[in-house]
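For reference, the structure discussed in these notes is given below.
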Amino acid sequence: MNNCSAFNFLYILSMVEVSMNSIEKFRNFIKENNLINKSDTIVSAVSGGSDSVFMLEMLLSIKEEYNLHIIVCHVNHGLRGAEAQRDEDFVKNLSEKYGLIYEVEHIDMAGYAKEHSLTCEEAGRKLRYIFFEELKNKYKANSVAIAHNENDVAETMMLNIFRGTGLDGLESIPLRRDFYIRPILCFEKSEILEYLKENNINYVDDSTNFTNDYKRNLIRNEMIPFIEKNFNENVIASMARLAAISKENNEYIEIIINDKYKSIVKAGSIDRDGFNKLHHYEKTIILRKFLKENLKYLNNISKENIEEMINLILLDSGKKYDIDNKHYLVNDFDKTTFKVLDKNEFSEEISLDFKLDKVYNIYGRKFKFVLSDKILSKKYLDYDLLKGKLSLRNRRSGDRFNPFGMSGSKKIKDYFIDKKISSDERAKILFLTNDEDIACVIGYDIANKYRANIKTKNYLNIIMEDNYGL
C-alpha cells in the first residue's frame, strides 16, 4: 500500500470513527435522560443550519431502531429575503430526500413585534413556539425537538449572568421542558461541524449569525473566543458542567423546599407567620414557586418584584401588591392571598409614598417621576411649587381638580365625564397629591397651579413606560 492509499484508508477510518462516536454518544444521551421512547412521534425543528441538520441526522440514525415517526418543520421569519427562501427550499428538499413529512410556517416577525411591543427576537421566539405547539397537537406528537447545543448553554448562561441571574439562570437551557426536548445538548459546536464535514453533509448559514448586532452573537463571536484563547480553551465544557451542577443543586433544593411549601401554602394563600420565619432564600424560592403555580409564568417578575412581595407579607393586613393588570397579592390577618382582579375590587383605597426615579407598577401601568433641569416627558410640573407632602393615591369622595388651562376647579367626577373616561378606567387612575391637593391625574393631566413656566428651574417629569395616557 503506497503512502497516498494509506493516508486515504486512515482518513476513511477516522471519518467512520467520528460518525460512530457521535451516533453512540447521541444514543447514550437520549437513553440516560429518557428523552425518546420507542414509536415516538417527534416534530423536529429544522432551520437548515448546522445544528438542526445535525440533530435531524442523529434522529434519523435511530429512526429504525426506535420506530420513530419524524415530522420536519421550518419557520420562515420573513426578514432575510432571498436567503430566507433559500433556507426554506433547502429544508424542504432535505425532507423530501429522507421521505419525511414537511411543514413550513411564514411569519411576520417584524409586524408582530411592533404590534405587541416586543423585540424581534422575542416575537420570533413566541411565533415559533406557537407553530411548534400547533404541529404537536396536529400530529399528536410526543415531543418537539429543538437543536440547542453546549455552546448555546454557555451563551445563555453568560447572558443570564449579565442580567443578574440566580441559580435557575446558571442551569441555562433545560434538557426537557414540557414536551420540548433538546437531544443534542451534549454536543459542542465543534463536534457538530466535524461530523457534518467528515460525512459531506450540507447545511446553510444564516448571515445574521456572523454580525454582532445581537448580544448573543457578540458573546458567540467575540467573548467566548477571547476566553478560549486567554483563559480556558475548554470554557464551553466547563460552563456546561456548571449548568449540570446547577441543575442538580436546583433539583435538591426543590426536594428540600417542597415539604416547607406544602406546610405554608394552602389553596392560593401563604401562611404569613410560617413564611416570615423562613430564611430569606427559602422565602424567595417559595414565593417564586407560588407565583409560577398561580400565574403560570415568571417572565416579567424581577428580583426587585420578589423583594417587594416579600416585604408586603411582613406588613399589616389589608396591604396589597399589584403583580400585573389582572393579578394581585393582598394581606389578610394571617395569610397573603393571590387574587384575580375584577372590576368591583377597585373601590379599595390606595396610598403610596412618593419616590423619585422609582418605577411604579399599578394595575399593570408603569410610570416614574424624574427630576431634571430639562423637559423629558410630555407632561411635567414645576417641582419647586410642590411644597407639601407628595404622595400617590386613588380617588376619594369630594375630590376636586384644577386642570391645566382652567382657572377654577371641578369635581373629579365631572372631570372624568368631560374626558369620557369609563367607570372601570376611573377606578384604576392614581393622583399625585401635594398634601391633599391633586397636582396630577397620572396618565391624563397636570394641575394648572403647578404648571411649569419660563421661570421654572426644576422640572418634575412624569414618564409613562407603557405609553398610555401621557
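Where a number appears in this text, it was derived from the coordinates with a stated rule and is not lab data. What you see is a predicted model, and the numbers here were worked out from it, not measured in a lab. FYI the Cβ positions are ideal-geometry reconstructions off the backbone, even for glycines, and counts take in every protein chain you see.
About its Cα centre, how strong a charge dipole does the chain have in debye, to the nearest 20, once Lys and Arg get +1 and Asp and Glu get -1 at the Cβ?
Charge dipole of the chain: 2160 debye, to the nearest 20.
Given T119, G398, I301, which one lies farthest toward the positive end of the charge dipole of the chain, if we put +1 on the Cβ of every Lys and Arg and -1 on the Cβ of every Asp and Glu?
Looking along the dipole axis, the top candidate is G398.
For K319, list long-range residues whose amide hydrogen, built 1.01 Å from N in the peptide plane, is under 5 Å from its own amide hydrogen.
Counting only residues 5 or more places away or on other chains, the set is N331.
Report, by chain and number, residues whose modeled amide H sits under 5 Å from the one on K366, excluding near sequence neighbours (fewer than 5 apart, same chain).
E465, D466
Farthest toward the dipole's positive end in region 2-235, which of I130, A110, L94, given Cβ charges of +1 (Lys, Arg) and -1 (Asp, Glu) about the Cα centre?
Selected residue: I130.
Using the per-residue mean of other Cβ atoms lying within 10 Å as a proxy for protection, in what order, highest first, do the peptides 378-388, 159-169 fall?
Final packing ranking: 378-388, 159-169.
Please report the antiparallel percentage of DSSP beta bridges with both residues in the chain, rounded to the nearest 5.
75
Just to check, using Stokes-Einstein with a Kirkwood Rh over alpha carbon pairs, what's the diffusion coefficient of region 351-466 at 20 °C and 1.002 mPa s in µm²/s?
In µm²/s, the coefficient is 149.
Would you mind ranking S117, S22 so that the residue whose beta carbon has the fewest other beta carbons within 10 Å leads the list?
Exposure proxy ranking, most exposed first: S117, S22.
What does the charge dipole of region 351-466 about its Cα centre add up to, to the nearest 20 debye, if the Cβ of each Lys and Arg holds +1 and the Cβ of each Asp and Glu holds -1?
Roughly 100 debye, rounded to the nearest 20.
Take the Cα atoms of region 215-326, find their three principal axes, and give me the spread along each one in whole Å, biggest first.
57, 32, 22
Would you report the distance distribution of C-alpha pairs in region 2-235 as whole percents per 10 angstrom bin, up to the bin with the largest distance?
Reading upward from the zero bin: 7, 28, 37, 22, 5, 1, 0.
Could you state the principal axis extents of the C-alpha atoms in region 158-287, from the largest down, to the nearest angstrom?
Taking max minus min along each principal axis of the Cα atoms, region 158-287 gives 63, 31, 26 Å.
In sequence order, what are the phi-derived ³J(HN,Hα) couplings for region 234-240 according to the Karplus relation 6.51 cos²θ - 1.76 cosθ + 1.60 with θ = phi - 60°, rounded to whole Hz, with x for glycine and proline?
The phi angles translate into 10, 4, 4, 5, 4, 6, 5 Hz.
Any idea what Rg and Dmax come out to for region 267-340 if you just take the C-alpha atoms, in Å?
Both quantities, over Cα of region 267-340: 11.1, 30 Å.
How big is the equivalent ellipsoid of the chain along its three axes, where each semi-axis is √(5λ) from the Cα gyration tensor, reported in whole Å from largest to smallest?
Ellipsoid half-lengths, sorted descending, are 54, 27, 22 Å.
Return the Cα extents of region 99-215 along principal axes one, two and three, sorted largest first, each rounded to a whole Å.
45, 38, 31
Compute the angle between helix 120-138 and the longest alpha-carbon principal axis of the chain, please, reported from 0 to 90 degrees and rounded to the nearest 10.
60
Helix 82-97 versus the longest principal axis of the chain: what angle, 0 to 90°, nearest 10, using Cα atoms?
50
Mind checking the angle between helix 3-32 and the chain's longest principal axis? C-alpha axes, 0 to 90 degrees, to the nearest 10.
Value to nearest ten degrees: 50.
Work from the charge dipole of the chain (Cβ charges, +1 for Lys and Arg, -1 for Asp and Glu, about the Cα centre) and give the residue of Y203, V441, H77 farthest towards its positive end.
V441
Please work out the ratio of the alpha-carbon Rg of region 194-254 to 2.2 N^0.38 Å and round it to two decimals.
Cα-based Rg divided by the globular estimate yields 1.53.
Between H279 and N250, what length in nm is gained on full extension when 0.36 nm per residue of separation is reduced by their alpha carbon distance?
Residue separation times 0.36 nm, minus the Cα-Cα distance, leaves 8.8 nm.
As a check on your grasp of the helix formula, calculate [θ] at 222 nm for the chain: sum -39500 (n - 2.57) over DSSP H runs of n ≥ 4, divide by the residue count, round to the nearest 500.
-13500 deg cm²/dmol
Ranked highest first by the average count of other Cβ atoms within 10 Å around their residues, in what order do 35-46, 192-203 fall?
35-46, 192-203
What list do you get for K296, K63 if you sort them by fewest beta carbons within 10 Å?
K296, K63
Please get the size of the charge dipole for region 2-235, origin at its Cα centre, with Cβ charges of +1 on Lys and Arg and -1 on Asp and Glu, quoted in debye to the nearest 20.
Around 400 debye, computed over region 2-235.
Based only on other Cβ atoms within 10 Å, what is the fewest-to-most ordering of C186, C73?
Ranked by crowding around the Cβ, least crowded first: C186, C73.
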